[in-house]
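Data first, discussion second: the structure below is written as structure tokens.
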Amino acid sequence: MSVGSHHLYDAAATRRIDAAAGADWGLDGATLMARAGDAAFDALTERWPQVRQILVLAGGGNNAGDGYVVARAAQAAGIKVTLAQLLPPPTDGSAHAHSEALAQTDIARIDATAVPVWCATAAESAAPGSVVVVDAVFGSGLRRAVTAPLDTLFAKLNAIGLPTLALDIPSGVSADSGAVLGAALRADLTVTFIVPKLGLYTGRGVDYVGALVLADLGVPERACAGIAAVAETFSYSSTASAFGPRPRSAHKGDFGHVLVIGGGEGMPGAALLAGMAAARTGAGLVTIATWPSHAGALVAACPSLMVQPVASPADLAPLVERAGVLVVGPGLGRSPWADAMLETALEAQRPLVLDADALNLLAGAPPQARVGAPAVMTPHPGEAARLLGWDVETVNADRVAAARAIGERYDATCVLKGAGSIVASASSAALAGVCTDGNPGMASAGMGDVLSGVIGSMLGQFYAAPPAQPAEAQVSPKKSPPAGGRLRRPEILGLSLAQAVRLAVALHAKAGDLAAEDGPRGLVAGDLLPALRTLVNP
């Protein structure tokens, strides 16, 4: 579900863009509504060319006006149209004018109580794709929860499963966050108007959008000038230009030394997955620092990795000193050993990737705890809730806000994993990124360990650390954070921390998509490794 890379807007910004289109470009509400309905009808007939009948579900605002235009366009094309007015019709503005125009037609009408029977009958008797439901109930401005009787009606329609086109956004989905506000209609196709909305790309909203089409309605991009977006999309296709040819004279030290710190007692697999992911995505050197009894098994599993047993901070310190990037947390556990490993890593002032139990240990630290180095934190919603002292529902209700809050609290770049993974930095001036690659097969154990290894690898290869502070401002000259294992060669691309993280997140998600081509069920983390190697060599 991607329409390319875009700035994403919330409902308030969308209203301002609508107003600017009218004030500065002469595109008033009536014109935009007519164009929206026509664009939606065109998308409908392109998706379902065999359509012979539509049911328009209308609400009481501008979204209903868009639906009225679709209804009239369909009737003019010889398609049988039925209208169900689920809320009192609009009484003013452009939507009211289109309602009045619709009243002059002979379009059939049914009341809300008849809608489930109408849909069930059509589902049983009509040819596939010949009957389509048009969702014009709520638009992007919905703020309140959908309650009875519409919540029950939506559930019944979702269960019947007629092909459904949503206008602008599926009714019940928050345009601002992707949260489902009580109940929502599930669409097979959503045509969103003028600009894409954040809620179409993240949170539970992605389960309701279906295929997504952007219709700009002829509004020029300049109408968005001065109106802040809330996020922007990114994908493998928009980031993969980083993977240019390597210099023929390259040395392994040019591509970073990643140290994975994890694999606590009884949990070596997670550290192995992270280390293999780092190696398969091009890290020059990869070392795993692990619980002593695991070292032999890890070497046997992957001789390409360097494995070091560490029983104490004294064992870990020289490994940290030689590494360029630290990945802390895969299989780390929660024990005195784990505490000591994390504390040593945090004190090193190296670029950090913090995952899994490293996050859980940080969540139990004092409230003022800060990471204090170029750091990336990769929580899933449960870990994010613990880091913030929120509940999971609050995190999922506004994923961008949660990711920003973690970035600000811990002075880190946050990757909030899930559908439409979010990348947000500590800087409030930087737009959050929403990844459009990925699939539900990636909801399995070990995927986060692979991601942490990929992020470490991308930091080691591409992250160009900011210039060091003046000597008098440094705690110790040897603790300035390196960008990889050696001084970066000028012909090797240097990225900011956020850019390198987006590259890693998109690479991981796209590898999941390639690995899931035979189906998402049964996908395991190790399945991504061949795809990762393919993708870093485009």
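Does segment 173-182 contain at least one residue that is farther than 25 Å from ILE422 by Cα and either buried (at least 24 other Cβ atoms within 10 Å of the Cβ) or touching a Phe, Trp or Tyr at 6+ places or on another chain (Cβ under 9 Å) (or both)?
No, that holds for no residue.
Residues checked against (1) open to solvent by 30 Å² or more (accessible area, probe 1.4 Å); (2) hydrophobic (A, V, I, L, M, F, W, C); (3) more than 24 Å from ALA348 (Cβ to Cβ):
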| position | (1), (2), (3) |
| --- | --- |
| ALA375 | no, yes, no |
| LEU388 | no, yes, yes |
| THR394 | yes, no, yes |
| ALA401 | yes, yes, yes |
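Listed residues ALA114, ALA123, ALA148; which is closer than 18 Å to ASP188 by Cα, without any contact (Cβ under 8 Å) to a residue 60 or more places away in the chain and of a type in the set (Gly, Ala, Ser)?
On inspection, the qualifying residue turns out to be ALA123.
Output the residues belonging to segment 302-328 that are more than 16 Å from THR344 (Cα to Cα), at pLDDT 95 or above and not in a strand (DSSP E or B).
Within segment 302-328, just LEU305 meets the criteria.
List every residue pair whose Cβ atoms lie under 7 Å apart, where the two residues are 6 or more positions apart in sequence or sit on different chains, the first residue falls within segment 209-234 and is on the phi > 0 side of the Ramachandran plot, and the second residue, located anywhere, is open to solvent by 30 Å² or more (accessible area, probe 1.4 Å) and basic (Lys, Arg).
If the second residue must be open to solvent by 30 Å² or more (accessible area, probe 1.4 Å) and basic (Lys, Arg), the pairs left are LEU217/ARG35; GLY218/ARG35.
If a residue has to be surrounded by 22 or more Cβ atoms within 10 Å (Cβ to Cβ), at pLDDT below 95 and either farther than 25 Å from HIS6 by Cα or not small (Gly, Ala, Ser) (or both) to count, how many in segment 407-434 make the cut?
The qualifying residues number 1.
Quick one: how many residues across segment 136-170 are open to solvent by less than 10 Å² (accessible area, probe 1.4 Å) and assigned to a helix (DSSP H, G or I)?
So the answer is 1.
Would you say ASN360 is among the polar types (S, T, N, Q) and either free of Cβ contacts under 8 Å to residues at least 24 places away in the same chain or open to solvent by 30 Å² or more (accessible area, probe 1.4 Å) (or both)?
Judged against the criteria, ASN360 is not a match.
Can you tell me which residue is farthest from the chain's Cα centre (by Cα) among those in segment 281-297 that are crowded, with 24+ Cβ neighbours inside 10 Å and within 12 Å of ILE455 (Cα to Cα)?
ALA283
Which ones in segment 186-205 are assigned to a loop (DSSP other than H, G, I, E, B) and touching a residue at least 60 places away in the same chain (Cβ under 8 Å)? Let's see the steps before the verdict.
From segment 186-205, those assigned to a loop (DSSP other than H, G, I, E, B) are 186-188, 194-196, 201-202; that's our starting set.
Across segment 186-205, the qualifying residues are ASP188, ILE194, VAL195, PRO196, TYR201, THR202.
Among the residues that make up segment 246-266, is at least one of them open to solvent by 40 Å² or more (accessible area, probe 1.4 Å) and among the aromatic types (Phe, Trp, Tyr)?
No: zero hits.
Can you tell me which residue within segment 513-529, out of those that are without any contact (Cβ under 8 Å) to a residue 24 or more places away in the chain and in a helix (DSSP H, G or I), is farthest from PRO330 (Cα to Cα)?
Among residues in segment 513-529 that are without any contact (Cβ under 8 Å) to a residue 24 or more places away in the chain and in a helix (DSSP H, G or I), the one farthest from PRO330 (Cα to Cα) is LEU514.
Which fully enclosed strands (runs of 3 or more DSSP E) of segment 23-122 have 1 or more residues being under 33 Å from the mean Cα position of the chain (by Cα) and surrounded by 23 or more Cβ atoms within 10 Å (Cβ to Cβ)?
On the way: elements: 53-58, 80-85, 108-110.
Result: 53-58.
Restricting attention to segment 291-329, and to residues there that are without any contact (Cβ under 8 Å) to a residue 12 or more places away in the chain and of a type in the set (A, V, I, L, M), which single residue is nearest to GLY275 (Cα to Cα)?
VAL299
Just to be sure, is SER130 of a type in the set (Ser, Thr, Tyr), in contact (Cβ under 8 Å) with a residue 60 or more places away in the chain and more than 30 Å from ALA231 (Cα to Cα)?
Yes.
Out of all the residues in segment 408-422, which are in a loop (DSSP other than H, G, I, E, B) and among the hydrophobic types (A, V, I, L, M, F, W, C)?
Once the filter is applied, which keeps residues that are in a loop (DSSP other than H, G, I, E, B) and among the hydrophobic types (A, V, I, L, M, F, W, C), segment 408-422 yields ALA412, ALA419.
Suppose we filter segment 1-22 for residues that are open to solvent by less than 40 Å² (accessible area, probe 1.4 Å) and β-branched (Val, Ile, Thr); how many remain?
2
Identify the single condition in (1) crowded, with 22+ Cβ neighbours inside 10 Å; (2) modelled with pLDDT of 95 or more; (3) under 24 Å from ALA412 (Cβ atoms) that ALA483 does not satisfy, given that it satisfies every other one.
Against the list (1) crowded, with 22+ Cβ neighbours inside 10 Å; (2) modelled with pLDDT of 95 or more; (3) under 24 Å from ALA412 (Cβ atoms), ALA483 comes up short only on (2).
Does at least one position in segment 507-520 carry a residue that is closer than 15 Å to GLY456 by Cβ and at pLDDT 95 or above?
Within segment 507-520, the first condition is being closer than 15 Å to GLY456 by Cβ, and the residues that meet it are 507-508.
Narrowing further to those that are at pLDDT 95 or above: 507-508.
Scanning segment 507-520, I find at least one residue that is closer than 15 Å to GLY456 by Cβ and at pLDDT 95 or above, so the answer is yes.
The values are calculated or read from the model by the stated rules, or taken from the named source; none is laboratory data. Everything numeric in this text was worked out from a predicted model, so none of it was measured. Ideal geometry is used to build each Cβ from the backbone, glycine not excepted, and the neighbour counts take in all protein chains shown. What goes into the accessible areas is simple: the full protein's heavy atoms, side chains included, and nothing from ligands, DNA or RNA. Shrake-Rupley method; radii C 1.70, N 1.55, O 1.52, S 1.80 Å.
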